[in-house]
Number of protein chains: 2
Amino acid sequence: MRFLIIGGDAAGMSAASRAKRNMPDMEIIVLEKTDDVSYSACGMPYNIADKERKIEDLVVREARVFREKQGISVLTGHFVRKIDPMGKKVFGIYNQKNDQEKPFEYSYDKLLIATGGSPVVPDLPGFDLPGVMVLKNLDHGRKIKAYIKENNVRNVVIIGMGYIGLEMCEAFRAQSINVTMVKPGAIFLPWMAEKLSDTLKKEVESHDVKIHAGYQVEKIELKDNHLNVVCENNSYEADMVLIAIGVNPGNELAIEAGIKTSIKNSIAVDKNLLTSNENIYAAGDCADAYHVVTDKKTWIPLALRANRAGWAVADNICGKNIEIPGVAGTAVFKVFDFEVARTGLTDKEAVKFGFTPACVTIKTRSRAHAHPGSSDIWIYMVGDKKTGRLLGAQMVGREGVAHRINAVAVALHSHMSVEQFSQTDLAYAPPFSPVWDPLLTTANQLLKRIYIDTSNNICQD
Amino acid sequence: MRFLIIGGDAAGMSAASRAKRNMPDMEIIVLEKTDDVSYSACGMPYNIADKERKIEDLVVREARVFREKQGISVLTGHFVRKIDPMGKKVFGIYNQKNDQEKPFEYSYDKLLIATGGSPVVPDLPGFDLPGVMVLKNLDHGRKIKAYIKENNVRNVVIIGMGYIGLEMCEAFRAQSINVTMVKPGAIFLPWMAEKLSDTLKKEVESHDVKIHAGYQVEKIELKDNHLNVVCENNSYEADMVLIAIGVNPGNELAIEAGIKTSIKNSIAVDKNLLTSNENIYAAGDCADAYHVVTDKKTWIPLALRANRAGWAVADNICGKNIEIPGVAGTAVFKVFDFEVARTGLTDKEAVKFGFTPACVTIKTRSRAHAHPGSSDIWIYMVGDKKTGRLLGAQMVGREGVAHRINAVAVALHSHMSVEQFSQTDLAYAPPFSPVWDPLLTTANQLLKRIYIDTSNNICQD
């Protein structure tokens, strides 16, 4: 049997390795358009922050190792242009080192589309100028590192204020590069509870980052050897511009092959990761997932899901019947001295899915009463007023946030009520928590909102 | 209605405050034998570590404040000697400041026994000498601080190697006091997976602590102005000795009043916290609890349970019907640079409760591949081979342990299977975790032990 995989990062290489372990005789071919496979994409901001580190530090396993040690045919520089689902073949172009292009064609028994996501780049003037960067694959990281070094970059404008924009903001500041962030929306982090977003904004600004929320970029110009990011009434000079306004699912091949897509045009897969074609799976940032809170389709492209889905595809093509339940939307990132975490739904999302959300935001402390080194933790938690179910949480703080969110994630997988969650036996010792863990204190407050508070504005603090 | 409470720490004062909030007109009397109420007992080791801090920093709210601001009659120095459950009265002795004793008697409508635990002190020669200490209430902490200062203590022997012994070991070393730890059992931490216990022992020894496991102390002598802790074949000199071999439930009053006890002679309570007497509740370290994994009685005296049970008692005497599900046995403590956490059952406990445990111990990393500052995390996880259920976990590491255990605790409350847990959407970002969270990696390994491994020694690594 030939298992063909398009895309050689998290989902693709997880699937390839696991399929080979499951069935050592299986023929596995991975077609990767770039020169890099199996690297920690999420590690790039931290790597870029450190001039001394090579971007290649992020490679977990080289293509050569997959080939020589695992017997997996990893073909880099192979850009797939078309899938023929009837003939069970893919066609593409191999970019050889001498810049000659050579067509290729491979047949498959089972195919995995693991094409990831691609950064959103608006179709506006100047967004293709040299020095205007995106960050998604390792080569993007390589180019950013090189550009900073070669052009002695001192000023960066980041367009967008998502996870990657914020992580890169820290990376640039670590090299004393001036950072200006700009985006059209007026609210710093609109998916975040207001107090948490405000707190984080202050933290970012305290590191001398200029935040301009509410400004639509119209074009980027070249001006006196600098880039000029132009909005309606103002403009920002930069040596380099990073576009970080989100990603789109890598869906072109699938759509052209007649495979069904779903939310945000991501490739629709069932819980076995099978697409609408019985021989084609999809996994990773290109594919959708079920949300464990709503049991509806969602598209939250994150690394753990990609790895897990890759494994499940490998198991399923090897004859198992692995269903993976889906995602809770758990995410964590670091911004300067703050940890930021979320899981589940916001109150606005809850409304969309037919819940009647009650929510609460509280500020509490990271350590016990009178214990030195304690700092503030802000927690936002959402429950459903009709059923009492726990729907989601967000946290911001200097410590005790990143791993604490996991307790809520597990509760969401279990469809726990806020009351059940409030009764869980969470860990306490003075250096790590107050007696009542911040999550329990929040759940206790949320219970009042759910069962006692009769006002309509139950999501306003 | 008069609500009478024996004991003014976590459970007692939680109950008093909440009952007063629920029903401001209720008459509430708290009888506390020491001079202190409402303090962070668990904070004592960290307070003792710091010469500059007063022990009174640990007081959360003074007795005076409860009286004046909350209208709760907090009577310190009131030692209850007897409960008359037929006459609904308690009798006792009030130790006045002028050392005169004065009998008292109070009737009640509802009574809460919140007498806590008392340190185990073996009935052996010399265990009552000056300088031989225990640590349970604030006055013990006060005495230890004073004794160290007044006697310029340079050498301490700690008898016992439990949480308190280890936390105090760190506290003494913070003051450059030499520490020797001694106990009869041969294994450092017998409740812990072997590799975790070994790792922790090395950490403690690396801080110049002498560990003597396997030595039964026979007596303590006074010798040349020093204390001498005598075992069969050796002895240890000390300026001060700390006995930290565990606590017993404060059950004397209850037993004498004919109230039923259960495991380890703790006071038996139902999920409403009611004892075998319809007007008497018990909460805190003196009372038992249901274990959420076994649904059988257990006695794990910890602070969160005490606070939570105090609240539930208050709600129940105010007419609600609050059942609290019980404990998972979640505990965390810090020993020098290590965080140590556990929840649920060990494999040995699992056998006792009729499970067929499979377990695994792995060493993994605290941060992502190639991320700087990463350190080792050791995780032990237990599941049931018959049902696939997750039964417990333990962790040791320099970071990422204390809050991570909560995800397992929530899973235990939900009766999750190891497979379900292995599919949860836990947080990932390079500074905080590998893509596969250490807990997920462990769960994945445990799944193999549960479903594939057919050897008998499935708990040996």
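Scan the stretch B:164-188 residue by residue and report those that are open to solvent by 10 Å² or more (accessible area, probe 1.4 Å) and part of a helix (DSSP H, G or I). Within the stretch B:164-188, B:Ile164, B:Glu167, B:Glu170, B:Arg173, B:Ala174 qualify. One residue stands out among those in the stretch A:426-445 that are at the interface with another protein chain (Cβ under 9 Å from one of its Cβ atoms) and open to solvent by less than 10 Å² (accessible area, probe 1.4 Å): the one that is nearest to the chain's Cα centre (by Cα), which is A:Leu439.
So is A:Ala19 on the phi < 0 side of the Ramachandran plot and either more than 14 Å from chain B (Cβ to nearest Cβ) or out of contact with any helix residue (DSSP H, G or I) (no Cβ under 9 Å at 6 or more places or on another chain) (or both) or not? Answer is yes for this residue.
Kindly establish whether A:Ala358 is open to solvent by less than 20 Å² (accessible area, probe 1.4 Å) and assigned by TED's automatic domain parsing to the domain that holds A:Val401. Yes.
Out of all the residues in the stretch B:177-198, is one or more closer than 24 Å to B:Ser38 by Cα and under 17 Å from the mean Cα position of the chain (by Cα)?
Of the stretch B:177-198, the ones closer than 24 Å to B:Ser38 by Cα are none.
No: the stretch B:177-198 contains no residue that is closer than 24 Å to B:Ser38 by Cα and under 17 Å from the mean Cα position of the chain (by Cα).
Pairing each residue of the stretch B:78-101 that is within 18 Å of B:Gly12 (Cβ to Cβ) with any residue that is acidic (Asp, Glu) and in a loop (DSSP other than H, G, I, E, B), provided the two are 6+ apart or on different chains, yields C-beta distances under 8 Å for B:His78/B:Glu32.
With respect to (1) in a loop (DSSP other than H, G, I, E, B); (2) out of contact with any strand residue (DSSP E or B) (no Cβ under 7 Å at 6 or more places or on another chain); (3) open to solvent by 30 Å² or more (accessible area, probe 1.4 Å), the lone exception for B:Ala146 is condition (1).
One residue stands out in the stretch B:54-63 among those that are of a type outside the set (Val, Ile, Thr) and not in a helix (DSSP H, G or I): the one that is nearest to B:Ile144 (Cα to Cα), namely B:Lys54.
If you check A:Leu196 against the conditions, is it outside the structural domain of A:Lys145 (by TED's automatic domain parsing) and outside any loop (DSSP other than H, G, I, E, B)? Here the answer is no, as A:Leu196 does not meet what is asked.
Total residues in the stretch B:286-303 satisfying the condition of being open to solvent by 20 Å² or more (accessible area, probe 1.4 Å), at the interface with another protein chain (Cβ under 10 Å from one of its Cβ atoms) and part of a strand (DSSP E or B): the figure is 0.
If I go through the stretch A:109-122 residue by residue, how many of them are surrounded by fewer than 18 Cβ atoms within 10 Å (Cβ to Cβ) and within 23 Å of the chain's Cα centre (by Cα)? Working first, answer last.
Kept after step one, since they are surrounded by fewer than 18 Cβ atoms within 10 Å (Cβ to Cβ), are these residues of the stretch A:109-122: A:109, A:118, A:120-122.
Adding the requirement that they be within 23 Å of the chain's Cα centre (by Cα) leaves A:118, A:120-122.
The qualifying residues number 4.
Checked against the criterion of being farther than 25 Å from A:Gly250 by Cβ, part of a helix (DSSP H, G or I) and either aliphatic (A, V, I, L, M) or facing chain B (nearest Cβ under 10 Å) (or both), the candidates A:Ala312, A:Ala306, A:Ala350 yield just one match: A:Ala350.
Kindly indicate which of A:Glu62, A:Glu52, A:Glu56, A:Glu101 is of a type outside the set (S, T, N, Q) and more than 14 Å from chain B (Cβ to nearest Cβ).
Values: A:Glu62 fails: more than 14 Å from chain B (Cβ to nearest Cβ); A:Glu52 fails: more than 14 Å from chain B (Cβ to nearest Cβ); A:Glu56 fails: more than 14 Å from chain B (Cβ to nearest Cβ).
Of the residues listed, the single one that is of a type outside the set (S, T, N, Q) and more than 14 Å from chain B (Cβ to nearest Cβ) is A:Glu101.
Looking at the stretch A:24-33, is at least one residue under 28 Å from A:Met168 (Cα atoms) and under 25 Å from the mean Cα position of the chain (by Cα)?
Let us first name the residues in the stretch A:24-33 that are under 28 Å from A:Met168 (Cα atoms), namely A:32-33.
Then keep just the ones that are under 25 Å from the mean Cα position of the chain (by Cα); that gives A:32-33.
Looking through the stretch A:24-33, at least one residue is under 28 Å from A:Met168 (Cα atoms) and under 25 Å from the mean Cα position of the chain (by Cα).
Against the definition (within 14 Å of chain B (Cβ to nearest Cβ), over 22 Å from A:Tyr163 (Cα atoms) and touching a Lys or Arg at 6+ places or on another chain (Cβ under 9 Å)), how does A:Ser38 come out, yes or no? Judged against the criteria, A:Ser38 is not a match. Comparison of A:Asn316, A:Asn265, A:Asn272, A:Asn307 shows that the only residue that is under 14 Å from the mean Cα position of the chain (by Cα) and polar (S, T, N, Q) is A:Asn307.
Only one of the listed residues (B:Asn265, B:Asn277) is surrounded by fewer than 24 Cβ atoms within 10 Å (Cβ to Cβ), more than 14 Å from chain A (Cβ to nearest Cβ), among the polar types (S, T, N, Q) and over 22 Å from B:Gly92 (Cα atoms). That residue is B:Asn265.
Among the criteria (1) farther than 30 Å from A:Glu52 by Cα; (2) more than 14 Å from chain A (Cβ to nearest Cβ); (3) touching a Gly at 6+ places or on another chain (Cβ under 9 Å), the one B:Asp376 does not fulfil is (1).
With respect to A:Ala213, is the statement that it is outside the structural domain of A:Asn178 (by TED's automatic domain parsing) and open to solvent by less than 50 Å² (accessible area, probe 1.4 Å) true? It is false that A:Ala213 is outside the structural domain of A:Asn178 (by TED's automatic domain parsing) and open to solvent by less than 50 Å² (accessible area, probe 1.4 Å). I want to confirm something. Restricting to the stretch B:238-260 and keeping residues that are β-branched (Val, Ile, Thr) and farther than 26 Å from B:Pro184 by Cβ, which single residue is surrounded by the fewest Cβ atoms within 10 Å (Cβ to Cβ)? In this case the residue turns out to be B:Ile255.
Among A:Lys102, A:Lys20, which is the only one that is in contact with a strand residue (DSSP E or B) (Cβ under 8 Å, 6 or more places away or on another chain), basic (Lys, Arg) and in a strand (DSSP E or B)? If you could, list the steps in order and put the result at the bottom.
Values: A:Lys20 fails: in a strand (DSSP E or B).
Within the list A:Lys102, A:Lys20, the selection yields A:Lys102.
Of all residues in the stretch B:189-210, those being within 17 Å of B:Tyr236 (Cβ to Cβ) and open to solvent by less than 80 Å² (accessible area, probe 1.4 Å) number 3.
On inspection, A:Ala407 fails the criterion of being open to solvent by less than 10 Å² (accessible area, probe 1.4 Å), assigned to a helix (DSSP H, G or I) and away from every other protein chain (no Cβ under 11 Å). If you check A:Lys448, A:Lys363, A:Lys385 for being more than 13 Å from chain B (Cβ to nearest Cβ) and either more than 27 Å from the chain's Cα centre (by Cα) or free of Cβ contacts under 8 Å to residues at least 12 places away in the same chain (or both), only one passes: A:Lys385.
Output yes when any residue across the stretch A:385-399 is closer than 30 Å to B:Glu170 by Cβ, of a type outside the set (Ser, Thr, Tyr) and surrounded by fewer than 24 Cβ atoms within 10 Å (Cβ to Cβ), and no when none is. Scanning the stretch A:385-399, I find at least one residue that is closer than 30 Å to B:Glu170 by Cβ, of a type outside the set (Ser, Thr, Tyr) and surrounded by fewer than 24 Cβ atoms within 10 Å (Cβ to Cβ), so the answer is yes.
Being in a loop (DSSP other than H, G, I, E, B), under 18 Å from A:Gly117 (Cβ atoms) and open to solvent by 30 Å² or more (accessible area, probe 1.4 Å) is true for just one of A:Lys51, A:Lys33. Which residue is that? Can you show your working first?
Working: A:Lys51 fails: under 18 Å from A:Gly117 (Cβ atoms).
Just one listed residue meets the conditions, A:Lys33.
Consider the stretch B:315-355. How many of its residues are open to solvent by less than 30 Å² (accessible area, probe 1.4 Å), among the β-branched types (Val, Ile, Thr) and more than 28 Å from A:Glu419 (Cβ to Cβ)? Number satisfying all stated conditions: 3. When A:Ala41 is tested against the conditions (1) over 20 Å from the mean Cα position of the chain (by Cα); (2) of a type in the set (A, V, I, L, M); (3) open to solvent by 20 Å² or more (accessible area, probe 1.4 Å), the lone failure is (1).
The values are calculated or read from the model by the stated rules, or taken from the named source; none is laboratory data. These figures come from a predicted structure and were not determined experimentally. Backbone-built Cβ (ideal geometry, glycine too); neighbour counts: all protein chains shown. We work out accessible area using only protein heavy atoms, side chains counted, and drop any ligands, DNA or RNA first. Shrake-Rupley method; radii C 1.70, N 1.55, O 1.52, S 1.80 Å.
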